[in-house]
Amino acid sequence: MSDTSFVRTEMLEQKEPPASTIGIIGWMRENLFSSVVNSILTIISLLLVAYILSGLLPWIFQSSWNATSLTECREIFTATYGTTHGHACWGVVNDRWLQLLYGFYPDHLYWRVNLTLVLTLAALAPVLFSEKAPRQLLYLTMAYPFLMPWLLWGGSIWGPIVVALGFVIGYFVYRVVTEAAGELIALIAGVAAALIWWMVLSGVVVSGLDSVLPIGIEAVESRKFGGFMLAVLLGIVAIGVSLPIGIVLALGRQSDLLIVKAICVGFIEFIRGVPLITLLFVASLLLNVFMPPGTNFDIILRVMIMMTLFSAAYMAEVIRGGLAALPKGQYEGADSLGLNYWQAQRLIIMPQALKISIPGIVSTFIGIFKDTTLVSIIGLFDVIGLSTAIRADTAWNGIYWELFAFIAVLFFIVCFSMSRYSMYLERKLQTGHKR
Amino acid sequence: MTTLTDPPKESFRLSMLIYDTRYRSATIQVVALMGFMLAAAWLIDNTITNLESLGKTITFGFFTEPAGYDINQRLLDYQSRDTHLRAALVGLLNTLTVAVLGCITATVVGVLVGVLRLSKNWIVAKIMTVYVEIFRNVPVLLWIVLVFALVSESTPHPKTFKGVDTGAVVVTNRGTYLPEFLFSNSLGDLSFFGASSLRFNVSLDLIAFLVVLFGGLFVSRKIKRSADAVQEATGIRPATWWKRLAVIALPIAALLYALGFHLGYAELKGFNFKGGTHLRNSLLALWLALSLYTAAFIAEIVRGGILAISHGQTEAAGALGLRSGRIMSLVVLPQALRVIIPPMISNYLNLTKNSSLAIAVGYMDITGTLGGITMNQTGRELECVLLLMAVYLIISLSISGVMNVYNSRVKLVER
């Protein structure tokens, strides 16, 4: 008997897959023309894209950048292309982009706005990219709330320093009293000391320091603020201040204390139930009526207050979602360790709840940032308000699309990068729960 | 011998209000309530003092005064002689109109985009992604003014239609004209509230139409029930679609014929179009911009909802022998809707609130009437803004009330 079985000892060369399933052709068969319906859809889509691009590309690129008025633009177009339609007159952007970005801020002081922006990014870096940015930047983050208003509004340097000193004094009193008499009393004493400093002493100290050592930079009035800078300013202030308020409101809403809960729910539902524009009406018309007679603080500050309250309510709901998503075991675990309420919140609950709510927080921020354009309705000159003002100029009367495109691109860049950042953060933080 | 004694009774000390957990919550609540009431009292006191120094009192008497301004896009009859109350009512109806129209369009577009974004067709999915990203990342106010500029700047002037057969829909720079519904044997109107500010008419034709429609739907449901019963008993489902279609469509067709239903087209008379249903540019811009903007958000919700249903559900349903249509309607949709509907409703709410931006394009909604011209004419800022807030609050709270009822009905029963 002879052994006729054959066992191959060496591997065969791998065969090439069929040409129709690999490369660009395979990809197209898979993704564009997999069935009749898909092929039709593909062709319709391609036609649509071609149609839009055929209108858009010449409009963007066969354009004029140097004209100083719409009439001049039209003359150039008639001379070069024979028609005035379908060509963008970017001259308006070239002419007015500084105004669209900075509003009526004095142009020799633009560096202050730019510096503020750089400081903002630097102050945000340790918060946003915690493992890459140096820890020392956190000091800048702490100083930022006092530095930013001083740089933008100008004036004496002593105002912000004295306000900051209030926090230092409060903290110092808290530390000293804690050793003598328990935390709660120390907290009350610290807050009281800071309040006394701000309410009673700070005015005297500021004017005293000013007369002795007048250091300051040129003051800029609020009504000169405008343009895209105003949107960024309002967005940063509203979000920065509303985050802590939102956390407190969310905790209040989750709490067992009925009255505290009722107050928080009432506030949140009221703010979320009315459109932002009515709150802005309150800011522009009513806030001075609600304040003690004689108070008159400027419109930007009033708008900031209302936008902060507005975003705090939304923030509270986002954080409440994060709190609700935590498993009950986390609360019980914290209790079983013997932590008290605030310790449990600080060490166990909040780090996890905030992590879960990051996408919501970022999308709230995007929403608030977009909503800052509403201030144009109450007469502030943000980008949209300015675009109307530019159109009122005889040189640019009748220009729409170029301005709108510019504004849209500005907002798109900022909002889109924020949403990408939120995705990055989700990926980075999603270490423990991935299955 | 043992004696049982009670533990020594603790006497109440003042410090227990803070350090004893039994009393602490009460202490905190009392302090919070006092703080809240103090703050409220402070605000109210300030308001009263300020109003006194301005020589104003809080009164709603201006509501009965003539408004003196015109509202061009409206559902109720209104003249400038009418009262501010009527103007506010017309505005409220305008708000609701644009909200309802917007919600419908946004849902249709949003669902379509959301589903297409999941398409296996690469280019379709990419186009939808671009649409969603562009609309989500640009402020809605910009979209509203942009669409307004689009419909009023790039559409033809009515005079260009001179001598042209215009057909059913006319798009001009003074608005869009749609055919209107006319009845040659109309049943007339039903009037309510006489000549007061709240007066309104309801078309009897509409009522008749609705009665017949709901009657048809009711009968159609009965047919479905009996078909269900037959299926339960015999296992065979009788074909009912033509019966169900007939009981709805035939009576309606008969009614429309009896009423002499026909469409009225807009016609160029002089310098402008007359007749037809006139949608002004402001309404059109607001409607389009709001629905396209909200649709981008709805698309994301729909996509998320569909992705949230694990593939195992579909496969399990297939293993049970269900056909793909039934898999969708019996297994996937009920679960996906639970994820989709709550955020969808909150987007409807956002759309309604965003409709207050009508003021930017001059559409006379409640913000434009009560919070706009009425407020400026009467100088009653406090009353107008508070009322405006109250109106929106009522709308929002009723919508979220509906949402809560729905949520509790579809909630998964957990331990």
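Below is a table of values for the structure above.
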item: Highest-fluctuation residue, B:Asp165, B:Asp45, B:Asp189 considered, GNM on chain B with Cα pairs under 10 Å; result: B:Asp45
item: Mean-position separation - Cα centroids, segment A:304-344 and segment B:70-100, in angstrom; result: 44
item: Cysteines not pairable in the protein assembly as shown (beta carbon separation under 4.7 Å absent); result: A:Cys264, A:Cys415, B:Cys103, B:Cys384
item: Nearby lysines by direct alpha-carbon distance to B:Lys126 (threshold 25 angstrom, same-chain neighbours under 8 apart not counted); result: A:Lys370
item: Candidates A:Ile169, A:Ile366, A:Ile319: whichever shows maximal mean-square fluctuation once chain A is modelled as a Gaussian network with Cα springs under 10 Å; result: A:Ile169
item: Listed residues A:Met199, A:Phe412, A:Ile356: farthest to the positive end of the dipole of chain A (Cβ charges); result: A:Ile356
item: Burial ranking of peptide ranges B:393-400, A:395-402 (average Cβ count within 10 Å, highest at the top); result: A:395-402, B:393-400
item: A:His108 versus B:Arg22: modelled label distance in nm, points set 7 Å from Cα along the beta carbon direction; result: 7.3
item: Counted charge near A:Phe406, where neighbours are those whose Cβ lies closer than 15 Å (Asp, Glu -1; Lys, Arg +1); result: -1
item: Phi to ³J(HN,Hα) by Karplus 6.51 cos²θ - 1.76 cosθ + 1.60 over segment B:253-265, Hz, x for Gly, Pro; result: 4, 5, 4, 4, 5, 5, 7, x, 6, 8, 9, x, 8
item: At least 24 Å along the helix axis (C-alpha) and Kyte average at least -0.5, DSSP helices within chain A; result: A:36-61, A:110-128, A:158-181, A:227-254, A:299-325, A:350-371, A:401-429
item: Debye, to nearest 20: dipole size of the protein assembly as shown, +1 on Lys, Arg Cβ, -1 on Asp, Glu Cβ; result: 2000
item: Beta bridges per DSSP with both ends in chain B, % antiparallel, nearest 5; result: 100
item: Cα gyration tensor shape for chain B, rounded if a/c is under 1.5, else prolate or oblate; result: oblate
item: Only Lys, Arg (+1) and Asp, Glu (-1) charged, at Cβ; segment A:223-394 dipole about Cα centre in debye; result: 100
item: Cβ-defined net charge surrounding B:Thr129, 11 Å radius [Lys, Arg +1; Asp, Glu -1]; result: +2
item: Selected from B:Leu217, B:Pro238, B:Gly270, residue furthest toward positive end of dipole (segment B:180-274; charges at beta carbon); result: B:Pro238
item: Residue among A:Ile157, A:Ile413, A:Ile384 with the largest mean-square fluctuation in a Gaussian network model of chain A, springs linking Cα atoms under 10 Å; result: A:Ile413
item: With at most 15 neighbouring Cβ atoms within 10 Å, loop GluC sites (Glu not before Pro) (DSSP) excluded, longest segment of chain B; result: B:11-413
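None of the figures in this text is laboratory data; all of them are computed from the coordinates on show. Small disclaimer: the values here were computed from a predicted structure and weren't measured. Every residue, glycine among them, receives a Cβ derived from its backbone with ideal geometry; neighbour counts consider all protein chains shown.
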